[in-house]
Structures are given as C-alpha cells and as structure tokens.
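Written below as structure tokens is the structure these notes are about.
The values are calculated or read from the model by the stated rules, or taken from the named source; none is laboratory data. Fair warning: this is a prediction, and the values are worked out from it, not measured in the lab. Because the Cβ atoms are built from the backbone with ideal geometry, glycine has one as well, and the counts that use them run over all protein chains shown.
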Amino acid sequence: MAKKIAKQQMTGAEIVVRALLDQGVDTIFGYPGGAVLPIYDALFQQNELQHILARHEQGATHSAEGYARSTGKVGVVLVTSGPGATNAVTGMVDALMDSIPLVVITGQVPTHLIGTDAFQECDTVGITRAATKHNYLVKDVNDLARILHEAFYVARSGRPGPVLVDIPKDLQFAAGLYTGPENVSHPTYQPRVKGDEDRIRAAVELMASARKPVFYTGGGIINSGPEASEALRELVHATGFPITSTLMGLGAFPASDKQWLGMLGMHGTYEANHTMHDCDVMICLGARFDDRVTGRVDAFSPGSKKIHVDIDPSSINKIIKVDIPIIGDVGNVIKEMLRLWKDEKKKADKDALKDWWKQIGRWRSRKSLNYTGSKNIIKPQYAVERLYEATKGRETYVTTEVGQHQMWAAQYYHFEQPNRWMTSGGLGTMGYGLPAAIGAQVAHPDALVCCIAGEASVLMNMQEMSTATQFRLPIKVFILNNEYMGMVRQWQQLLHGARYSQSYSEALPDFVKLAEAYGGKGIRCEDPAELDQKIQEMLDYDGPVLFDCRVEKVENCFPMIPSGKAHNDMILGDAAAAEDIGSVISEEGKVLV
Amino acid sequence: MLSQKEPIERHVLSVLVDNEPGVLGRVVGLFSGRGYNIESLTVSEIEHDKHRSRITIVTSGTPAIIDQIEAQLGRLVPVHRVVDLSNSGPMVERELALIKVAGKGEIRAEALRLAEAFRARVMDATIESFVFELTGKSDKLDQFISLMLPLGLVEVSRTGVAAISRGPKGM
Ligand SMILES: Cc1ncc(C[n+]2csc(CCOP(=O)(O)OP(=O)(O)O)c2C)c(N)n1
Ligand SMILES: [Mg+2]
C-alpha cells in the first residue's frame, strides 16, 4: 500500500469513517437520524465498514458491548442527536459500570443552533458526563480526527469505559484536515500499567507465608486480555492456592479445574464464600470489592491480609482497606508475581495448604448448588445444566439478561475460557442479553451464541430480534420462563411478607408466535423429558430462535447471602425450605438493595 | 464501612486541569454524584499558552474519604495532577472578601475602626456605606464578617480559598 498521506482534506463525515477504519474498526452498531445524515451518507459510499442497524439505540449500545466483551476490541455506536443520544444512555452507564470500552458517536444540532432548544437538541455531553469515562463536544472540524483517535485511546486505556463524541451537523459537512492515529494518545491521561516492584515483591512474600490463601479474581483479568488469563492459570497452579471469581470474571480461570471454587458473593458457592471469610491471605486481582461480593463489610474476611491489584487507583481502599495495594495492569502484575515466585523458588506451606484444602473439602461437601429435581416440571437449574451439556463442546458465547436466570446461568453454566461470558454485572440492566448476543454473534459468525434470558427481561429489547433476522444472526435465546420477575418475587417472598406486588408477568406474548413474527423459530418446552431433544432442535436450526422453556414458577435462587449478612452466614436451599425464610433477613438488611 | 469511625478533617486540594469546556462541571459533578462536600472551590486559568487551570477545593471528610476524593479526581481524563496540600507540608492559604456595610454616625465609625484593626482596605465609600476588601485565612474573614453583622452588614462576596505550599518546590 502506498504510504498514507499524513494530512488530508476531507469532510467531517468522511473524517469519521476514515478515523474508524484507521482504528481498525470493521463493524459499528447504530441508528440513523437527522443529525447524523452526513455520516450515514459517507457510510453509504464505502464498503469497508459494516453497519448493523439496531431497532433501538439502547440495543445498539448493548450489541456494541457484546461485540467488545467477546473480542477485546472497542465497540462502536453511531446514533443521532436528542432521543438517539438519550436512548443510548443506559448502554453507556452499563459499559461504565462493567468497564467495557465503547466509542459512542452522537450527532448534534448545527453549532449555531446549540442552546436554542432546537429540534432534537439535548445537552448530550451534559447528560452523559456521569454516564461516560470521558466525553467531547467537537467545536472545530480540524479537531475531529484527533478527538476521535483520542476517544479510542481513552476508551481502551487504563480501566476501559465508554467515551462519547458529540458532533454538530455543520461540522459533518465542513471540510477539515484529517490526521491519522499515529501517536495519538492523550497528553495527560497516562494510566499506570506496571505495578510497583517492591509491592509486588512484598505480595509474593506474603503469599509464600500464607497458610489459608485464596485468589479472588474479577473482570479486570478479562479486560487485561487473554494473556492475563494464561498467566493467572500458571500462577494458580504454581502456588496451589484455591481460586474464586466474581460474576464478571467467570472464564478467566477454567471451571473444570480442581482449584476452582466457583463464583463468590451473594449467590456464590458455600465453599467460595467460606474460603473468603476464613482465609489468612486474600489476593484480589482485578476485582473491586463490590457490595454483591463482600456482604456485610465489617464482617468481611476479618482475619486476612489483603493484596489488591487494580488499574484504577480509586478502587483501592474504597470499600475494604487492604494491606498491599498494587496499581497496575493486572495481567502485567500477575506475570511479575509469577516470575518472582519461580525465580525465588517460593513454595507454599505444604502442610498448611493441605489442611486448608481439607477444610475447603468439608465446605464443598455441603454441595450448595444442589437442588430438588423434578420429573414433571423443568427446574430452571436443570435447564441450564442441560443447555451446558449440549453446548460445552462447541465454541459457545453466553449472554444473559438480569434476574434469577442470570444467577443460575453463572452457577450452572461453566466457562473454560475468557471473553465467552457476557452479563450486566454492575448496572444489572434488564434488556442487555439479547442485543449483547447480537453483538457477540456479529463478531463470531460461526460460533454458537446463546442468551440465557428471563421472560420479563427479554421483552425489554425484544425488538432486536428484527436485527437478528435482518443480518442472519442465528442467536439462540433460551428463555427460562417462570412467568415472574423471579428475582423480584424472591425478594418479595424474603423481605415483604410474600406480597407479590407487580412481579407477575401478566399477559405474556406467545413466544413461539413472536419468534415466527420476527422471522425466526419458536420452540416451547414444558416437559423435562423432552428438554434435551428440543435443545438439540434449537441448536440445529440455522437462524435465530426463541426458546420458551417453561420452568418451575416459584423456584428461589440459592445459596444466598442475605443482605446485611456476612460470608459465613449463607442460607442454603435446603435450610431455606425448612425455616421461615422471611425471618432470616434483619431490619437493617432490608434497606440494602 | 471503611471510614465511619474516623474523624472528619478539613483538606485543601489543588487540582491542575486542562482548561477545556466542561472540566469544572466534571469536577463539581463528581463531588455531588458521590456525595462529597465542597466547602469552597475556586478556579482560574494559570498558564494561558498551555490552557491549564488550577482548581482549589476545600473539602471535608474522613481520611479514607479524602483519599477517595483524590483518587476519583485523578481518574478524570482532563486532570493532570491532584495534590492534597493539607497532607504535604506547610502551606499558605488565602481568601479575599468584599464586604459592604451601611450605616451612619457611631456605627459607621466603629466599622471603619475595626476594618483598620483587621487591615481591611476601603474600596468604596459613600456617606452612608463602605465596601471593605479583606484578605486572609478564611476564619479571619469569618471573624470580621461576624463583627460587621451588628454594624450594618449589607452583603458579602468571597472568592473562596486559594492555596499554595510553602518552600521552593512546586506541585
Ligand atoms: C431495567 C431494569 N428494570 C428493573 C430491574 C429490576 N429487576 C431485577 S431482576 C428483575 C426481574 C427479572 O425478571 P425475569 O427477566 O423474568 O428474570 P427472572 O428473575 O424471572 O429469572 C427486575 C424487575 C432491572 N434489573 N433492570
Ligand atoms: Mg422470569
């Protein structure tokens, strides 16, 4: 290829397309409107950038998240001003909470109309200031290219997140100078990547002296990239320590490994939470002590020394005071830990570790994920188990909506690799799963993409089924239909005297007909005996499927740390059935979410 | 939580930022969004060619909260540097106030006497009013203003705190 001309004159709209291409973007998710027409015109006149037309701007943002999370690349969204921008806000906050890199381009009314309450004007940068990692209103077309490149840099550097670029329509028409992405970073935003050597050394010393250690890992490992997962596996094996992970970190370490304890937190396993509570050294890698993880903070792992590796300095000592904070890229730091561990021939205290594993074995033997099976009704846990069995051998990406089904997916679907699991953790956005599956499928056309959904959540962005049909994206939407906003119902049962206020999914659509109406396939299953065969039918169908899996309506999600309780104060399924579960949550716990 | 038992302290933070549109909104939004206190905030461009501004914020919180504020400010993309002046040696801290007092006769004379005692300057005078300018630490300003209260205080305009560390080193 001929050497690129560094500076070149073109229109603002052409600059947008060119900048995206130069950033290596091949796909964007969007929805057109008045204030982005010039950019859509520029898209029309090229065929390198693929545009996936969503059916709602929220759908576009979640699809971009699914694309980003499943590839490690930056997801790109293009929407119009006013309602286009406001519809995209939920997706941006979702990406902010879960540290997903996005660049969101919004059109704005022409510069001279800004501030006049013009048609479809809104203060996009004002509205999205707290919804983005950073945002820009472009004021000069000659700044546009630099700002776009900077936006990509900011979105993917440090703790990733969404960055918005608001472009007034007149600038899209105006001619300006294009500058390439070479060397565009940011003059001052330079997050620290390498961890402090002395601290890493101290951490490794502490690890070697541990008698009851545990690795507590999170989504940061996934963000850091596949190498971080590789290094983590090596470090965990080299030390022989047990490992647990947050919801966001699933897949960074293989679930089939002997050292894996399962997920921790509110619906984590008994063994993971007890190991966290009783450990003497906690190695937190790329996780942030979220309230869903810690339970009652003043009773959180009271006897342990804590090491915390995070790229975001504000995550350190925010919730839990730690002994050795290390600011840096978690993959980088794990590699450094591993090097020191090996070079200095560190050894864990074998005898102590043996006792520790024995204790963990006792916790494991409680089999906290056991549930009562049924021959007549499909148990939701069983449905996920069967889906897992039918798909585990394939390259499978799993997204979820939000609710009980999300937790069952996390508990009963097992991940061996990073970037295969996409769920809305921080914001808990119902309506995330279906569009996220679309994004993942666009990125991996030949892979299997399943969305494990609830019947209530999936309706929130159901319109995206049209997108799936249009782009021939064979996503499999596996709906655990309990006819309830199950998670709400469960909390009402536990906390509000079983007064099921507005949590019944009244007047549900016929999901089979709905699938057909969108040009996909609908399958319904009510009988556990037919489940395997119908799952196979779903997998065999070459196109989008809505699978209406009718499950037990009032199943609760266990084990559970009730709000306001400590890790060693879990309720298990069998215990919950035996006692009045309404009484296990204190008055104080009730005000927590 | 982390911090509930610790005492509340007053801290002066200096924040160097790119003087770009919205930067003040980001800083203020961060404080309101996360429930931090702002006792005083001042901002002005300090290096024109580099478009750099300095924001001085007086805030209060437990040491853990102050650490969080520092870290959260540091996370904002246009922020170059955050220094907790209260934690980095001795500093000079100044605020300017304009104070309008109206009155006649003995009251008026008393206001002027006190102003002299405080080394306030008279910036405007009519036969029935003064505008004083007073510079100093905030508590000195508070004290002067409370003295003016019974002497016909009309209104006050204060700049908020500007602060800098003592000694040869910059931030
Ligand atoms: C946008 C949004 N609104 C409300 C909620 C609160 N909420 C959390 S789970 C849930 C119920 C979800 O029901 P369903 O999708 O059927 O899943 P289930 O819990 O039954 O598996 C609700 C309403 C939310 N998380 N997101
Ligand atoms: Mg449901």
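Which condition number in (1) more than 23 Å from A:Ile438 (Cβ to Cβ); (2) away from ligand 2 (no atom under 16 Å from the Cβ); (3) crowded, with 19+ Cβ neighbours inside 10 Å is the one that A:Cys525 fails? Answer for A:Cys525: the failing condition is (2). Residue check: B:Ala64 meets all listed conditions (1) crowded, with 20+ Cβ neighbours inside 10 Å; (2) under 19 Å from A:Asn317 (Cβ atoms) but one, namely (1). Are there any pairs, at least 6 apart or on different chains, whose C-beta atoms fall under 6 Å, with the first in the range A:348-373 and within 19 Å of A:Phe558 (Cβ to Cβ) and the second among the hydrophobic types (A, V, I, L, M, F, W, C), and if so, which? If the second residue must be among the hydrophobic types (A, V, I, L, M, F, W, C), the pairs left are A:Ser368/A:Leu572.
Considering only residues in the range A:420-450 that are within 16 Å of ligand 2 (Cβ to nearest atom), surrounded by 24 or more Cβ atoms within 10 Å (Cβ to Cβ) and closer than 18 Å to A:Arg55 by Cα, the one that is nearest to the other protein chains (Cβ to nearest Cβ) turns out to be A:Thr429.
For A:Met266, the conditions (1) closer than 22 Å to A:Ser563 by Cα; (2) out of contact with any Ser or Thr (no Cβ under 7 Å at 6 or more places or on another chain); (3) within 14 Å of chain B (Cβ to nearest Cβ); (4) not small (Gly, Ala, Ser) are fulfilled apart from (3).
For the range A:322-338, the candidate set comprises residues that are within 23 Å of A:Gly158 (Cβ to Cβ) and not hydrophobic (A, V, I, L, M, F, W, C); within that set, the residue that is farthest from the other protein chains (Cβ to nearest Cβ) is A:Lys335. Against the definition (modelled with pLDDT under 95, in contact with a strand residue (DSSP E or B) (Cβ under 6 Å, 6 or more places away or on another chain) and surrounded by fewer than 23 Cβ atoms within 10 Å (Cβ to Cβ)), how does A:Arg199 come out, yes or no? In short, no. Considering each of B:Glu110, B:Glu70 in turn, give the residue that is more than 14 Å from chain A (Cβ to nearest Cβ) and part of a helix (DSSP H, G or I). Every option except B:Glu110 fails the conditions. Looking only at residues in the range A:542-556 that are assigned to a loop (DSSP other than H, G, I, E, B) and surrounded by fewer than 21 Cβ atoms within 10 Å (Cβ to Cβ), the one that is nearest to ligand 2 (Cβ to nearest atom) is A:Lys553.
Tallying residues that are within 14 Å of B:Val82 (Cβ to Cβ) and away from chain A (no Cβ under 12 Å) within the range B:18-40 yields 1. Considering A:Val104, A:Val154, the condition of being within 14 Å of chain B (Cβ to nearest Cβ), within 22 Å of the chain's Cα centre (by Cα), touching a residue at least 12 places away in the same chain (Cβ under 8 Å) and surrounded by 22 or more Cβ atoms within 10 Å (Cβ to Cβ) is satisfied by A:Val154 alone. For the range A:304-315, the condition holds for at least one residue, the condition being that it is among the aliphatic types (A, V, I, L, M) and within 14 Å of chain B (Cβ to nearest Cβ).
Under 8 Å between Cβ atoms, which residue pairs at least 6 apart in sequence (or on different chains) link something in the range B:78-92 that is in contact (Cβ under 8 Å) with a residue 24 or more places away in the chain and among the aromatic types (Phe, Trp, Tyr) with a partner that is exposed (fewer than 15 other Cβ atoms within 10 Å of the Cβ) and assigned to a loop (DSSP other than H, G, I, E, B)? Note: no pairs meet the criteria.
Taken over the range B:41-67, the criterion of being within 14 Å of chain A (Cβ to nearest Cβ) and within 30 Å of A:Ile320 (Cβ to Cβ) is satisfied by B:Gly61, B:Thr62, B:Pro63, B:Ala64, B:Ile65, B:Ile66, B:Asp67.
Note on the range B:1-17: residues that are within 14 Å of chain A (Cβ to nearest Cβ) and modelled with pLDDT of 95 or more amount to 3.
Pairing each residue of the range A:476-487 that is of a type in the set (Asp, Glu) with any residue that is in a loop (DSSP other than H, G, I, E, B) and more than 7 Å from ligand 2 (Cβ to nearest atom), provided the two are 6+ apart or on different chains, yields C-beta distances under 8 Å for A:Glu483/A:Leu508; A:Glu483/A:Lys553. Taking (1) at pLDDT below 95; (2) assigned to a helix (DSSP H, G or I) in turn, A:Ala2 satisfies each apart from (2).
The numbered conditions (1) in contact (Cβ under 8 Å) with a residue 60 or more places away in the chain; (2) under 30 Å from A:Arg296 (Cα atoms) are all true for A:Gly543 except (2).
A single member of A:Arg159, A:Arg146, A:Arg199 is within 14 Å of chain B (Cβ to nearest Cβ) and assigned to a helix (DSSP H, G or I), and it is A:Arg146. With respect to the conditions (1) farther than 21 Å from A:Leu434 by Cα; (2) within 15 Å of ligand 1 (Cβ to nearest atom), A:Arg499 falls short on a single one, namely (2).
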